[in-house]
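The values are calculated or read from the model by the stated rules, or taken from the named source; none is laboratory data. Here the structure is a predicted model, which is why all the values come from computation and not from measurement. Here the Cβ is made from the backbone with ideal geometry for all residues, glycine too, and neighbour counts use every protein chain on show.
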Amino acid sequence: MKRNSTLALVLGSLSLFIYQCKVTKPSEGVKKDAAGNIIVNPHPSPAYLSPKEGLKSIQVPEGYKLQLVASEPMIKEPVAIVWDGEARMYVAEMSTYMQDINGTGQHKPVCRISLLEDTNGDGTMDKSTVFIDSLVLPRMMLCVGHKLLVNETWTYNIHAYSDTNGDGKADTKELVYENNKPDTRNLEHQKSGLVWNLDNWIYVSCDPVRYKYVGGKLAPDSLTNSPGGQWGLGNDDYGRLYFSSAGAEIPALGFQVNPAYGFWNPNDQYNQDFLAVWPIIATPDVQGGMNRLRPDTTLNHFTASCGQSIFRGNALPEDMKGDLLICEPVGRLIRRAKVSEKDGKVFLRNAYDKKEFITSYDMNFRPVNTTTGPDGCLYIVDMYRGIIQEATWTAEGSFLRPRILAKGLDKNIQRGRIYRLVHEGYKPGPKPHMLDVSSATLLTYLDHPNGWWRDNAQKEIIAKGDMSVVPALKEIAAGKHATIGKSNGALARIHALWTLEGLKAIDKPTLFTALADTDPQVRKTAVWISELFLKQNDKEVISKLAAMKNDVAAVQIQAALSLSVSDAPEAKAAQTALVNNSVYSDALHSVANATEVNHNTKLFGSRLANMPAHQRNMILNGANIYKQLCSTCHGPDGKGIVVGGGSAAAPPFVGSKRVSGDKELLTKILLNGLTGPIDGKTYTDVMAPLGAVNSDEWVASVLSYVRYNFGRFERGKSPVVDIETVKKVRETVRGRDKFWTLEELEK
């Protein structure tokens, strides 16, 4: 049986090369067999489809329909969209991304953010303006009032742009967050997001930082560890964050607890079946190679998960609300996951049996982002291009390069589409007007059935700093307002509480009323907000949380998390009692362990006290690099990341003889990368070469941290890798342009 399946795999892959000179006609729609099952196309054409033909090639469930919102030439290479309070859409366009197979010219400042408008209300964008040009691969956007906050690739700085004369073009630029250190990571491993979450923190992926919007600037708050994730960041009605890590082939992580508390990614939050994907075309251009292909040459596992979001709108069927959408551009598909909670733990499962929510026959369909729009519909950003992987993974000698060239995918550039998903019988909501209205008007939107409206109303009230609405907010939070909070009261009360928090107007009477609310999500919110008082070791608040020991699991878990921010003995005793006596003790023990690890990591620096200053600084700098970059695949604890019964994308550092061994061997790996089996195990990803774009000090720092934190050394033997060693090794490998194999290194 195994021999037959292997033969089928070989024949299937061979057919891809036999077929490479043939071109099929553009798809006229999804093909199904007599039983109604979708027929997989083993020989997809790389030819462009027009927007109309492209729509026909995309499969959506019965009752749903995709509408074209914008396409080339109006937009090119779109990667992210946001709306301002008047429903004007800003589109980040990475127009220099992989314009050939070598990624030539990606640093050129010629990218842009376009401003699109629907002037007649038909759902299609009919007016386009270049809002900002001369950018370097813009990757993050956030609208606050009349400002658009923007971050570009290879920098940490964030600027705010405004259009003061109404011509649709930004004419002011202000630095709102300054960090002039260049971000030298591969652009696939840099941050994304800039999401204003329910808790009024603005979150990003990858980097161990979050921000508060204060006086028109972004005030940073350091997280103990990177939250993980790569491209995309989603959040739900209650402030949970959903990350996705393509490098580690993990479609969803970080959604059990807020990253400020640490990590809890239980292996059973979804099963191995969830990791399998179901494209409807052959997918030869997968970095993972033949191990990532089924006998019919379709992708068998998530490998490029990104652009995830929780659907929070009101213009699609009710059973869509709260579902997680995950883009898989290599598989040309979008996963719909049902999200459920049991005993305080969140679980995911595919909404369909061995099928996907959205799939396409078009090889150029590259969904990279999803989001809920102001009209209550789901929006999809399709980069619509041939190559989706960055040049590190398409280099000479890679698995991808000959397959891309065989299909001519490297020629498919400078296009892009944005779709809106609608459903029969549902009507998109009206266009919002939030920018130049009173805070009293914004209050009425805190009860809106579309989460986009609620989020933006909360954000705009806080950005205005208008304290005149505080009395009304307290009434809403208590469920006593005459007109707001009656129909969908719990969500209105939750947003009112967080708006008060954002205005620094929360008080203990309001908080204690919320702690006794009939809705558990309101009580959980109040526990979360109580950290303002717990950090001051307020014993009355500690006592209130200790009394919640018999509440539902979600509330108890939040209490255990929140109590960890206080260093009062009473708080530690309350947390211990809660964990040990709860009927949900398994979950609570995991949560308590996560907060304990997080706390111990904060004390990391104290272990270095007796080291020479230059070595201590080297390790601390390496720790920051590791948290931002390496932990995505190797894990914060150096043990690799495994979720859902899958396998780790990268080998563990803990217990590795190489970590504690020859420092020159480790240096070679970091400089030139590593591929092939490691200790008898084959990993789906390669170790990318990081030497060309990083300094000797950078390399020495990260290696010093890895050896210090995960290695084992005899007393008196230093784990530090000095800069001179890196310089020497770099000279010996100068001119090498391919990955190492372990066999080659150990000779």
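Within the stretch 378-392, does at least one residue satisfy the condition of being outside the structural domain of ASN456 (by TED's automatic domain parsing), of a type in the set (A, V, I, L, M, F, W, C) and over 30 Å from THR124 (Cβ atoms)? Within the stretch 378-392, one or more residues are outside the structural domain of ASN456 (by TED's automatic domain parsing), of a type in the set (A, V, I, L, M, F, W, C) and over 30 Å from THR124 (Cβ atoms). The set of residues in the stretch 42-51 that are modelled with pLDDT of 95 or more and not hydroxyl-bearing (Ser, Thr, Tyr) comprises PRO46, ALA47, LEU49, PRO51.
Out of curiosity, is ASP685 closer than 18 Å to ALA395 by Cα, surrounded by fewer than 21 Cβ atoms within 10 Å (Cβ to Cβ), of a type in the set (D, E, K, R) and in the same structural domain as HIS614 (by TED's automatic domain parsing)? Yes, satisfied.
Given the structure, is PRO26 part of a loop (DSSP other than H, G, I, E, B), surrounded by fewer than 21 Cβ atoms within 10 Å (Cβ to Cβ) and at pLDDT below 95? For PRO26, the condition - part of a loop (DSSP other than H, G, I, E, B), surrounded by fewer than 21 Cβ atoms within 10 Å (Cβ to Cβ) and at pLDDT below 95 - is met. Checked against the criterion of being at pLDDT below 95, touching a strand residue (DSSP E or B) at 6+ places or on another chain (Cβ under 9 Å) and of a type outside the set (Asp, Glu), the stretch 102-122 contains one or more residues that satisfy it.
For the stretch 659-675, the count of residues that are assigned to a loop (DSSP other than H, G, I, E, B), in contact (Cβ under 8 Å) with a residue 40 or more places away in the chain and among the charged types (D, E, K, R) is zero.
What about ASN364, is it part of a loop (DSSP other than H, G, I, E, B) and under 14 Å from MET383 (Cβ atoms)? Considered against the rule, which asks whether it is part of a loop (DSSP other than H, G, I, E, B) and under 14 Å from MET383 (Cβ atoms), ASN364 comes out as yes.
GLU174 meets the stated requirement of being modelled with pLDDT of 95 or more, over 28 Å from THR632 (Cα atoms), touching a strand residue (DSSP E or B) at 6+ places or on another chain (Cβ under 9 Å) and not assigned by TED's automatic domain parsing to the domain that holds SER530.
Only a single item in (1) without any contact (Cβ under 8 Å) to a residue 24 or more places away in the chain; (2) part of a loop (DSSP other than H, G, I, E, B) is not met by GLY322, and it is number (1).
Residues considered: GLN414, GLN458. Of these, the only one that is surrounded by 19 or more Cβ atoms within 10 Å (Cβ to Cβ) and touching a residue at least 40 places away in the same chain (Cβ under 8 Å) is GLN458.
Taking (1) buried (at least 24 other Cβ atoms within 10 Å of the Cβ); (2) under 21 Å from TYR64 (Cβ atoms); (3) out of contact with any Asp or Glu (no Cβ under 8 Å at 6 or more places or on another chain) in turn, MET363 satisfies each apart from (2). Of the residues screened, TYR445 is not one that is of a type in the set (Phe, Trp, Tyr) and out of contact with any helix residue (DSSP H, G or I) (no Cβ under 9 Å at 6 or more places or on another chain). Given the criteria among the acidic types (Asp, Glu) and either closer than 22 Å to ILE380 by Cα or buried (at least 24 other Cβ atoms within 10 Å of the Cβ) (or both), does ASP221 qualify? No; evaluated as a whole, the condition is false for this residue.
As a summary of the residue check, THR392 satisfies the conditions (1) modelled with pLDDT of 95 or more; (2) under 30 Å from GLU93 (Cα atoms) except for the one numbered (1).
Highlighted here are the strands (runs of 3 or more DSSP E) found entirely within the stretch 134-206 that include at least 2 residues which are buried (at least 20 other Cβ atoms within 10 Å of the Cβ), β-branched (Val, Ile, Thr) and in contact (Cβ under 8 Å) with a residue 40 or more places away in the chain: 202-204. Can you confirm whether the stretch 582-605 contains a residue that is outside the structural domain of ASN225 (by TED's automatic domain parsing), touching a strand residue (DSSP E or B) at 6+ places or on another chain (Cβ under 6 Å), in contact (Cβ under 8 Å) with a residue 12 or more places away in the chain and assigned to a helix (DSSP H, G or I)? Yes, some residue in the stretch 582-605 is outside the structural domain of ASN225 (by TED's automatic domain parsing), touching a strand residue (DSSP E or B) at 6+ places or on another chain (Cβ under 6 Å), in contact (Cβ under 8 Å) with a residue 12 or more places away in the chain and assigned to a helix (DSSP H, G or I). Of the strands (runs of 3 or more DSSP E) entirely within the stretch 207-294, those holding at least 1 residues that are among the polar types (S, T, N, Q) and farther than 29 Å from ALA492 by Cα occupy 217-222, 241-245.
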